[in-house]
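Structure first, commentary second.
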Amino acid sequence: MARSAPAISTFTSGEISPRLEGRIEIEKYRSGLSDLTNMIVQPHGGLTRRPGTEYLGAVKDSSVKTRLIPFQFKTSDTYILEFGDQYMRVFRNGLQVLTGSAKSITGATKADPVVITSTSHGYSNGDEIFLDSVGGMTELNGRNYIVANSTANTYSLQDLFGNDIDSTGYTTYTSGGSTDEIYEIASPYDAADVFDLRFAQSADVMYFAHPSYAIRTLSRTDHNAWTFATPTINENNTPVLTTANNYPSVVTFFEQRLVFAATNNNPQTLWFSKSADYLNFHTGTSADDALIYTIASNQVNSIRYLSATRVLTIGTSGGEYVLTTTNDGPITPTTTQIRKYSNYGSANIEPVQVADVTLFLQRGNRKVREFKYVGEVNTSGYQAPDITVLAEHITEGGVEGFAYQQEPENIVWCIRADGTLLGLTYRREEAVVAWHKHVIGGEFGGGQAVVESISTLPTDTGNDELYMIVKRTINSATKRYVERIHRRDFTDVEDAFFVDCGITYDGAAATSITGLDHLEGEAVVALADGNVVTGLTVSSGAVTLPEAASKAHVGLAYDAEVENLPPAIDLQDVGAARGRPIKATRLFLQLEKTRGIKAGPNRDKLTEFVQTSVDLSADIPLFVGMESFQLYPDWNRDGTVVIKQEYPLPMTILGIS
């Protein structure tokens, strides 16, 4: 019987299309996989399980689709803005920003519903508040509530599902406690329009563009001090920017100028402000004067995006352009020119910039292209190759948004139309272009949870943060939650966070873990002091562990899976193995910080890697090294294997053979 031991030592091609399963001669085939779910391709070639998501808070109105927008003053002073139906809320450092006007509590009844006494509190029915520091009735602490039955000095509490809080079984109130309202300001934008907003930021001021709204600014003076305004645009020429059907759709900064583009009346026109005078659009011929430029073309192709790197890339519905100058110097009213470099056409989705490359979505919302220059700007020009060509299946249904997380893995995140989160590990300088898909834990309407908005924030810690809004069915109700991918840095298994929509308890050893009101009625899992606990259901906002734990991560379970492509092997004296019966009998995995995984020839015949500690009283350590799996015998014609992690534990694979 012919034997072979094919090996995969790098996975830098990511998940590739089923249409390529016969193309074993392609170099990318040997570093590709047929399935990569909830696993991240690392730039140096390995695979690691996606960390779980932390629950940060519910959106104000879960019946309405809501958007996240990043605001960065500096890397140590960043915010996520929640835009809903004519309102805006703020998150900072993973917490909802409060008004800063705390109200003291002087009483809390043991009743259904609980009644809070707070003299001259000023709250109205429906207000969302955060309550903490109550003495005695500590079950109330550290949670958001909805105000109900408000009077001048009292009100009752409801949870975020609208259910009255029954405190009859709580500890008797003794003293203290305070509340503060979730900070919120009125926004001019309707819910139906927030996903079409374009924005550009300079220091503490953000500029917004939308074709149905006048230009707006958003200014910040403190964490809980934000103001929308309609700025005065100083202009002396036509077409104007300040009347109906003349509001811009796109905005960016380029060479110290504020740039607007694409009004309803003039979809191919760009407006450049006076240099370093952002609201001054007085045109002239001096080098620093404002200018207006209309792209000439045979068809009316609306400008879809502006991407400012060392040049200004202009994406339209009919092609891609680059703004240059006749003398290779700064743009001026007399030297500016715009050249067309490709005819693919751009979708109406904001692109992302990675180094000096613009990644944009082609018209049709399926193909992602990288717009990059080759050679000198004015000689060789630009190219826009398709980076989904080897994984065309992964964007099936269309892409609805991008976000770029530079650290630690250089990942471009995308939202697919069905709510699946897509990741693209992108390191062009090392030829790493690897797609992977992520299904967030939970369900909506009988299907998978739906990711609706994503945004990233940079940090100084080496771990940029990915935020998202996820729609689920929770306790028979539709809920939309703001969540954040947890950092993957950990040394001990107790710190590994691999649950979705999860929380962490870190304190004195306890069996009752509270703070899970957002998952009421849901089946959850836990990693408690490094031990896996399954079969838990949230009741009254809590779960009960079988043994007391001082650190526990509790949330929704999610599986991570890897499946290789049919191996490209030649058998001695036989020839190519493709199409011949193959039986995989043993699997070798090079692992790092891994525990509790399963593997087998298919999903129905998985073997668990059982680990123990030399000291039976000690925690089971994370495994590092080569591990061998004896597989269930299974003859087939492809020779594939499946590797799965279904526990709230880490998995990193560096090689397969």
message: Relative contact order of the range 304-404, please, whole-number percent, based on alpha carbon pairs below 8 angstrom and at least 6 residues apart.
response: 21
- request: Under 11 Å from a label point 7 Å along Cα→Cβ of S104: give me every residue in the range 116-160 with its amide N that close.
  value: 119
- request: Between S9 and E25, with labels modelled 7 Å along Cα→Cβ, what's the label distance in nm to one decimal, could you check?
  value: 2.5
- prompt: If amide H atoms are built 1.01 Å from N in the plane of the peptide, which residues on other chains or at least 5 residues away come under 5 Å of the amide H of V352?
  reply: L359
field: Inter-centroid distance (Cα atoms) of the range 126-147 relative to the range 254-312, Å
entry: 50
query: Where in the range 154-171 is the amide nitrogen less than 13 Å from a point lying 7 Å along the Cα-to-Cβ axis of S540?
result: 165-171
message: Loop-only trypsin sites (Lys or Arg not before Pro) in the range 305-396, please: DSSP not H, G, I, E or B, and at most 12 other Cβ atoms within 10 Å.
response: R310
message: I'd like the FRET efficiency for A296 and T227, computed as 1/(1 + (r/R0)^6) with the beta carbon distance as r and R0 of 41 Å, rounded to 0.05.
response: 0.55
- prompt: Under 23 Å from the Cα of K103, which lysines turn up, not counting those fewer than eight places away in the same chain?
  reply: K60
- request: Express the accessible area of the chain per residue in Å², computed with a 1.4 Å probe while the remaining protein chains stay in the model.
  value: 40
statement: Taking a crude spin-label model, label points 7 Å out from Cα along the C-beta direction, the N343 to R428 distance in nm is 2.3
statement: If R0 = 56 Å, then N265 and T461, at their Cβ-Cβ distance, give a FRET efficiency to the nearest 0.05 of 0.75
field: Of K28/K372; K28/K437; K74/K644; K74/K340; K437/K598; K28/K367, those spanning more than 29 Å from alpha-carbon to alpha-carbon
entry: K74/K644; K74/K340
- request: Kindly report, to the nearest 10 Å², the accessible surface of E429 as traced by a 1.4 Å probe over protein heavy atoms only.
  value: 130
statement: In nm, the gap between the two label points placed 7 Å beyond Cα toward Cβ at S178 and D112 is 3.3
field: the range 206-220 - phi-based ³J(HN,Hα) in whole Hz, Karplus 6.51/-1.76/1.60, Gly and Pro as x
entry: 10, 9, 10, 10, 7, x, 9, 9, 4, 4, 10, 10, 10, 10, 10
Between the range 37-53 and the range 435-507, the alpha-carbon center distance in angstrom: 14
message: Cut-off 19 Å, label point 7 angstrom out along Cα-to-Cβ of S63: give me the residues of the range 75-95 whose amide nitrogen falls inside.
response: 83-88
- prompt: Rounded if a/c is under 1.5, else prolate if a/b is larger than b/c, else oblate: which is the range 287-404, with a ≥ b ≥ c the root eigenvalues of its Cα gyration tensor?
  reply: prolate
- line: Phi angles of the range 449-464, converted by Karplus (6.51 cos²θ - 1.76 cosθ + 1.60, θ = phi - 60°) into ³J(HN,Hα) in whole Hz with x for Gly and Pro, give 4, 10, 7, 10, 8, 9, 7, 10, 10, x, 9, 8, 9, x, 9, 5
- prompt: Stretched out fully, how many nm does the piece from T285 to F490 gain, at 0.36 nm a residue minus the Cα gap?
  reply: 67.9 nm
field: Modelled FRET efficiency - R0 35 Å, N125 with T171, Cβ distances, 0.05 increments
entry: 0.85
query: If amide H atoms are built 1.01 Å from N in the plane of the peptide, which residues on other chains or at least 5 residues away come under 5 Å of the amide H of S342?
result: E320
query: Karplus couplings for the range 548-556 from phi (6.51 cos²θ - 1.76 cosθ + 1.60, θ = phi - 60°), rounded to Hz, Gly and Pro as x?
result: 5, 9, 9, 9, 9, 10, 10, x, 7
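The values are calculated or read from the model by the stated rules, or taken from the named source; none is laboratory data. Here the structure is a predicted model, which is why all the values come from computation and not from measurement. When we count neighbours, we look across all protein chains shown, and the Cβ atoms used for this are built from the backbone with ideal geometry, even at glycine. Side chains included, ligands, DNA and RNA excluded: accessible areas come from the protein's heavy atoms. Shrake-Rupley method; radii C 1.70, N 1.55, O 1.52, S 1.80 Å.
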